[in-house]
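Asker: Pasting a structure here, questions to come.
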Amino acid sequence: MPVPLIWLILALGLAGAEALTGDMFLLMLAGGALAATGSSWLFDLPIWADGVVFLVVSVLLLVTVRPSLRRRLEVGRGLPEPIKALEGKTALVLDRVAEHEGQIKLDGEVWTARPLNEDDVYEPGEHVTVVRIDGATAVVFKAT
């Protein structure tokens, strides 16, 4: 079997294995193997020289390309979680909010609510601020 074909099979195998990991490490090695395929085919170098090409190109790809590629593929980095985005928003009290009861309208949705301080009571029509979301309950307070 010709040496360039072996490097090509290795490159395709590494690229296929990358689909299972998603870490972009094996893809960089596949790029090195593809470079070794090209150098072996074009220059008919000995196998140890192909190995050096593989090593150098793989390391260069791992150091230069992989970090920026991973940054681009990071999902949701820098964006708040949807629940965290509700904290600090103003809501309208729909039903009396006390220690064990209450409903508010927050961003067009009805939420169960309880006051931050157990002794506080908020009547319908008042505006409150969401401190945090505790499960499916908004913890609220009214700034005076």
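Asker: Please work out the C-alpha center-to-center distance from the range 71-144 to the range 1-63 and express it in whole Å.
Answerer: 54
Asker: When ligands, DNA and RNA are left out and all protein chains stay put, how many square angstrom of accessible area per residue does the range 1-81 have with a 1.4 Å probe?
Answerer: Ligands and nucleic acids excluded, the figure is 68 Å² per residue.
Asker: Okay, next question. Per the 1.4 Å probe, what fraction of the accessible area of the chain, in percent, lies on carbon and sulfur atoms?
Answerer: For the chain, the apolar C and S fraction of the accessible surface comes to 63 percent.
Asker: Give me the percent of DSSP beta bridges within the chain that run antiparallel, rounded to the nearest 5.
Answerer: 80
Asker: I would also like to ask the following. Farthest toward the dipole's positive end in the chain, which of TRP48, ALA30, VAL110, given Cβ charges of +1 (Lys, Arg) and -1 (Asp, Glu) about the Cα centre?
Answerer: Looking along the dipole axis, the top candidate is TRP48.
Asker: When the chain is fully extended, how far beyond the present Cα-Cα distance does VAL65 get from GLU126, taking 0.36 nm per residue of separation?
Answerer: Separation in residues times 0.36 nm, less the Cα-Cα distance, equals 16.5 nm.
Asker: Report the one residue of TYR122, LEU62, LEU5 whose Cα lies farthest in the direction of the positive end of the charge dipole of the chain (charges on C-beta: Lys and Arg +1, Asp and Glu -1; origin at the Cα centre).
Answerer: LEU5
Asker: Could I have the simple spin-label model distance between THR21 and ALA85, label points 7 Å from Cα toward Cβ, reported in nm to one decimal?
Answerer: 3.4
Asker: Tell me the GluC sites (Glu not before Pro) within the range 84-143 that lie in a loop according to DSSP and have at most 15 other beta-carbon atoms within 10 Å.
Answerer: Answer in residue order: GLU87, GLU99, GLU118, GLU126.
Asker: Let me ask another. Assigning unit charges at the beta carbon (Lys, Arg +1; Asp, Glu -1) and nothing else, what dipole magnitude in debye, to the nearest 20, does the chain show about its Cα centre?
Answerer: The dipole magnitude comes to about 700 debye.
Asker: FRET efficiency for GLU74 and TRP41, Cβ-Cβ distance as r, R0 = 30 Å, nearest 0.05?
Answerer: 0.25
Asker: Rounded to the nearest whole Å², what accessible area per residue is found for the range 87-128 with the 1.4 Å probe?
Answerer: Here the per-residue accessible area is 61 Å².
Asker: Between (1) 0.94; (2) 1.50; (3) 0.97, which entry matches Rg/Rh (Cα atoms, Kirkwood Rh) as derived from the coordinates of this structure?
Answerer: After the calculation, the listed value that fits is (2).
The values are calculated or read from the model by the stated rules, or taken from the named source; none is laboratory data. Worth saying up front: this structure is predicted, and the values here are computed from it rather than measured. Using ideal geometry, Cβ is built from the backbone for each residue, glycine included, and neighbour counts are taken over all protein chains shown. Heavy atoms of the whole protein, side chains included, go into the accessibility calculation; ligands, DNA and RNA do not. Shrake-Rupley method; radii C 1.70, N 1.55, O 1.52, S 1.80 Å.
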